[in-house]
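For reference, the structure discussed in these notes is given below.
The values are calculated or read from the model by the stated rules, or taken from the named source; none is laboratory data. Since the model is a prediction, treat every value here as computed from it, not as a measurement. Cβ sites come from the backbone with ideal geometry, for glycine too, and all protein chains shown count toward neighbours. All accessible areas refer to the heavy atoms of the entire protein, side chains included, with ligands and DNA or RNA removed. Shrake-Rupley method; radii C 1.70, N 1.55, O 1.52, S 1.80 Å.
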Amino acid sequence: MAINKPYNNRAWLGVLPVLLIVAFSAVIPLMTVVNYSIQDILDFNSRFYVGLDWYRETLQDPRFIDAFGRQVLFSLSVLAIEIPLGILVARGLPKSGAWTSVLLILLAVPLLIPWNVVGTIWQIYARSDIGLLGVGLNELGLAFNYTSNPTHAWLTLIAMDVWHWTSLVALLSFAGLTSVPPAYYQAAELDGASKWQVFRYVEMPRLGGVLVIAVLLRLMDSFMIYTEPFVLTGGGPGNATTFLSQYLATMAVGQFDLGPAAAFSVIYFLFILLFCWIFYNSVMLDNTVGDNEARYHD
Amino acid sequence: MANIILDEVGFAYPGAFEPTLLPLSVEIKDGEAFALLGASGAGKTTLLNLLSGLLVPTTGRILFDGVDVSALSGSQRNLAQVFQFPVLYESLTIADNLAFPLRARKAVNGFSAADIASRVAKIAGELEIENLLKRKPKTLSLFQKQLVAIGRALMRPDVSVVLLDEPLTAVEPRTKWQLRQSLKRLQEELGVTMIYVTHDQTEALTFADRVAVMAAGKILQTASPQEVYEHPAHEFVGFFIGSPGMNFVAIDPAAPAPMYAASGVDQSAQRIGFRPEWARLENPSEQRMSSAAHWPGKVQYCQILGTQDGAPVGVTIIASAVGELKVRGPINAIVGDEIVVVVDRFVSFCEEQYIATHYAPRGSDDVLENSANSAGDE
């Protein structure tokens, strides 16, 4: 059904401030990077157009491919731990009472700590000479040393990320769970539903929306992770924990290869965009099917 | 299906100064449609929660078919409930929603997939929702969703009792009567014991075989709708049921006016109550033939509710020496007329029943609201 609305072109003026802000904060900087990525800049006055050479070079760079693989592995690992763990924590929280607010504040604490401080905390905490965790593990007979053993470095990074970000998933899930009216639990109980069925059919449908947000946020953030591994392991031992952004920083700031770094940035950006787009659409597909069905029936 | 006995069941919230529910006893027969009627705060939701196993009674016992279930959980009592708003499993289709209670208890009742499918088909057929079975809840209207919720409550053939907690609250007024019809028909066809909790007298009186009227944590009267209407056992019942409710006239027991004795009022009566339609209006100049109780007054207000044989009918409100009186019937007086209210039929209320007046200010609003609602409803 079409509703006839009068057209008034002056409305475009109302959109102008937003367009300006978006242009200066996002579009122009991004296009600058795109501009760099198709030129070879020797100094300010001698620049050459190179087409897609930098892109080709980046995509064939074995160090880029390795860093990309590590990045995907890292993001998937932390998502696989943080999402279920966050839901579990949220389910364990009391729904109301004095303890709820205390626990919520405690949960929020890791989220309030600056990222390089998180890195420093774990850098010290896991050290095998003075850190509580590192020394403790060594006392237990495990030869733990994240500065020399790549596996240990990975485990420490994942533990740190889980410590840092599970709270976010837990808080979002808790918000989702409190939106379940008590009558739903009561109905499931009277229907004889098992605990798993209550989770699967009562809580999960309500959690869907917030979990999409949680996964998107964690996917983007973990894919862009820089500060904490930089402080904790510095990308080592060797290149074992060098992720995309750190490799990019080395390239752009360390070696001042602006052209390749710009091409790298654009590829990086497009990957994150693509991941989120695929994920969001695959999740939302289910819902749109339902809506179409409704339209056919009514 | 089960016979349900509440034996001196009372409930007080921990730390509460007064009990929410005073010990009460009532028996609900197998296959009966029973309604709990009361204003908000009467304790009917507490009683419902005691029946559903959400609360455990502080005193007394609840028996289902002679078995004490007071300490059992809701799922162990094998009952079903329909809530104020439709509660469905949002990710499941309507067919799966209906099948859910049977599948969840498959280990207990041994239903095969074919049994479940045929039961789904039967209940869906009864409710005429076969065309919805493949759809998801969010594509349904509120009315359809509540139908499905009712269907799910009726799925288990062995369910001991179905509790209905104001199930028509969320439904549009225009479709309320339709849902009420379906519910009543199903209750009769399947012979399920149903307990219907509501503050809406129209719903309670049209649905139930017997009604329990509650106020202040007590059941004041349990009887058939007609009995409750015509012979209220308590002033509050007379006042709460009917729109508008009963008129009450105080009698001085030390020196009752002679006309009361002549018209058959109990010696010990403190007050008499009469329905607005049990009274009629007479012209003061007419010679009265009967010895019926009567009071002169002045017409204050006429509320026309419709017409009958072309003449206006409704409620006439008369200011008299004994208070404001409401008379239902033909309206043939105008505001300011001197008139006599004659009562042919009434109920006498004695001393121990006289606790009701403090409900009046709040209750009268409720009654007026109810009458407005039910007028739009029918």
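Diffusion of segment A:36-82 by Stokes-Einstein, at 37 °C in a medium of 0.692 mPa s and with Rh set to the Kirkwood radius over alpha-carbon pairs, works out to 253 µm²/s. Rounded to a whole number, what is D in µm²/s for segment B:187-276 from Stokes-Einstein with the Kirkwood radius over alpha-carbon pairs (20 °C, 1.002 mPa s)? Answer, rounded: 144 µm²/s. The candidates A:R56, B:R210, B:R174, A:R63, arranged from most to least accessible area with a 1.4 Å probe in the full protein assembly, appear as B:R174, A:R56, A:R63, B:R210. Taking one quarter of the surface of the C-alpha convex hull of the protein assembly as shown gives a mean projected area of 47.4 nm². Each of A:N281 and A:D129 was given a label point 7 Å from its Cα along the Cα-to-Cβ line. The distance between the two points is 5.3 nm.
Placing a pseudo-label 7 Å from each Cα along the Cα-to-Cβ vector at A:V102 and B:N283 gives an inter-label distance of 8.2 nm. The listed residues B:F239, B:F274, once ranked by accessible area (1.4 Å probe) with the largest placed first, stand as B:F239, B:F274.
Kindly sort B:K145, B:K134 by accessible area of their heavy atoms, largest first, with the probe set to 1.4 Å.
Heavy-atom accessible area, descending, gives B:K134, B:K145.
How much net charge surrounds B:Q303 when only the other residues with a Cβ under 10 Å from the Cβ of B:Q303 are counted, with Lys and Arg +1 and Asp and Glu -1? For residues surrounding B:Q303, the net value is +2.
Compared with the rule-of-thumb size 2.2 N^0.38 Å for a compact globular protein, segment A:178-276 has a Cα radius of gyration ratio of 1.73. B:H234 contributes an accessible area of around 20 Å² to the protein surface, as traced by a 1.4 Å probe with all chains present.
Taking Lys and Arg as +1 and Asp and Glu as -1, the other residues whose beta-carbon sits under 13 Å from that of B:H231 total -1.
Distance between the pseudo-spin-label points of B:K134 and B:A257 (7 Å out from Cα toward the beta carbon): 7.3 nm.
Once all protein chains are placed together, A:S265 keeps about 40 Å² accessible to a 1.4 angstrom probe. Report the far tail of the P(r) of segment B:251-350, meaning the percent of Cα-Cα pairs longer than 18 Å. I get 48 percent for the Cα pairs in segment B:251-350 exceeding 18 Å.
Could you grab the Rg to Rh ratio for chain B? Cα atoms only, Kirkwood for Rh.
On the way: Rg = 24.2 Å, Rh = 23.0 Å.
Across chain B, the Cα-based Rg/Rh ratio is 1.05.
Considering only Cα atoms, the convex hull volume of segment B:1-136 works out to 149 Å³ per residue.
Ignoring the sites themselves, what is the longest stretch of chain A with no chymotrypsin sites (Phe, Trp or Tyr not before Pro) in a DSSP loop and at most 11 other beta-carbon atoms within 10 Å? It works out to A:45-255.
More than 24 angstrom separation, counting every C-alpha pair in chain A; what % is that? Of all Cα-Cα distances in chain A, 67 percent exceed 24 Å. Of the cross-linked pairs B:K29/B:K218; B:K106/B:K136; B:K298/B:K326; A:K195/B:K106; B:K106/B:K145, which ones have a Cα-Cα span greater than 18 Å in the structure shown? Beyond 18 Å between Cα atoms: B:K29/B:K218; B:K106/B:K136; B:K106/B:K145. For B:V335 and B:Q181, a Förster radius of 45 Å and the Cβ-Cβ distance give a FRET efficiency of 0.65, rounded to the nearest 0.05.
In this structure, A:W196 and A:V27 have a Cβ-Cβ separation that, at R0 = 51 Å, corresponds to a calculated FRET efficiency of about 0.60. Helical runs (DSSP H, four residues minimum) scored at -39500 (n - 2.57) apiece and divided by the length of the protein assembly as shown put the mean residue ellipticity at 222 nm at -15000 deg cm²/dmol.
Take segment B:251-350 with all the other protein chains still there, run a 1.4 Å probe, and you get 53 Å² of accessible area per residue.
Using the Kirkwood radius over Cα pairs, work out the Stokes-Einstein diffusion coefficient for segment B:4-227 at 37 °C and 0.692 mPa s, in µm²/s as a whole number. Estimated diffusion coefficient is 182 µm²/s. Would segment A:208-261 count as rounded, prolate or oblate if I go by the C-alpha gyration tensor, calling it rounded below 1.5 in a/c and otherwise prolate when a/b exceeds b/c, oblate otherwise? Taking the square roots of the gyration eigenvalues as a ≥ b ≥ c, segment A:208-261 is oblate. Among the protein heavy atoms, those of A:D191 account for about 10 Å² of accessible surface (1.4 Å probe, every chain in place).
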